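> One structure follows; several queries about it will come next.
The values are calculated or read from the model by the stated rules, or taken from the named source; none is laboratory data. Note that the structure is a prediction, hence the values are computed from the model and not measured. Note: ideal-geometry Cβ built from the backbone for every residue, glycine included; neighbour counts use all protein chains shown.
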Amino acid sequence: MKTKTNRRLTEAEQKERAAIIRSGAVYRGEDTDDYAHFSEMTPETARKLLNMGYANPEDSQNDSPTFEEMTIFCEQHPGFKLHGYVIGNDRDDARVTAEGIQGTAQNIEAMLDFVEMFRYADECDTDHKTLSCFCWYD
């Protein structure tokens with residue numbers, strides 16, 4: 001699908017994008033916000049944003065894996081979700097950017113996969129007792 005990101009969105013597109021995010025993430029913003037955070041975005045929601053062209057598969061936060069790579073990781077490892085931000089129409093580069101992933105690994109192998117993929121994040125925290133994981137790219 002043609003990417004709709006990195007340009008001004010129409011009002012209808014911005015509302016549609018916000019509704020998609022709101023349906024599968026904790027969205028701390030309004031349809032017209034120029035900058036808003038989200039957390040706990042499901043891989044299904046991330047994939048829908050990619051398929052509809054509202055997220056650029058190659059977008060990344062500094063040295064992070066791409067939006068597509070983070071989505072694939074979450075699809076392959078149940079229990080993980082994306083967090084990041086949305087840029088709205090007050091700027092010419094409307095986009096959805098994942099700053100990291102968080103969740104609970106299903107087993108130690110999934111936690112090791114997490115560490116392998118995200119070990120260079122600005123923050124990469126794991127707890128081997130609870131299998132909880134968090135990474136963030138500044």
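> So which of THR45, THR126 ends up being hydroxyl-bearing (Ser, Thr, Tyr), part of a strand (DSSP E or B), modelled with pLDDT of 95 or more and at negative phi?
Sole residue among the options that is hydroxyl-bearing (Ser, Thr, Tyr), part of a strand (DSSP E or B), modelled with pLDDT of 95 or more and at negative phi: THR126.
> Can you tell me which residue in the stretch 48-57 is nearest to ALA12 (Cα to Cα), limited to those that are assigned to a helix (DSSP H, G or I) and not basic (Lys, Arg)?
LEU49
> Moving on to the next point. What pairs can you find where one residue is in the stretch 45-73 and within 15 Å of ALA18 (Cα to Cα), the other is among the aromatic types (Phe, Trp, Tyr) and crowded, with 16+ Cβ neighbours inside 10 Å, and their Cβ atoms are less than 8 Å apart, with a gap of 6+ or different chains?
Taking only residues 6 or more apart or on different chains, the pairs are ALA46/PHE67; LEU50/PHE67; ALA55/PHE67.
> Restricting the stretch 90-123 to residues that are among the β-branched types (Val, Ile, Thr) and part of a helix (DSSP H, G or I), which is surrounded by the most Cβ atoms within 10 Å (Cβ to Cβ)?
Residue satisfying both the conditions and the ranking: VAL115.
> Within the stretch 98-121, can you find the residues that are under 18 Å from HIS37 (Cα atoms) and either of a type in the set (D, E, K, R) or at pLDDT below 95 (or both)?
Of everything in the stretch 98-121, just one residue is under 18 Å from HIS37 (Cα atoms) and either of a type in the set (D, E, K, R) or at pLDDT below 95 (or both), namely GLU99.
> Residues in the stretch 81-94: is at least one acidic (Asp, Glu), touching a residue at least 24 places away in the same chain (Cβ under 8 Å) and under 22 Å from CYS124 (Cβ atoms)?
no
> Taking the criterion of being under 18 Å from CYS133 (Cβ atoms), loosely packed, with under 13 Cβ neighbours inside 10 Å and acidic (Asp, Glu), would at least one residue in the stretch 30-53 satisfy it?
no
> Restricting to the stretch 48-75, and then to whatever is acidic (Asp, Glu) and farther than 14 Å from VAL86 by Cα, can you tell me which residue is modelled with the lowest pLDDT?
ASP63
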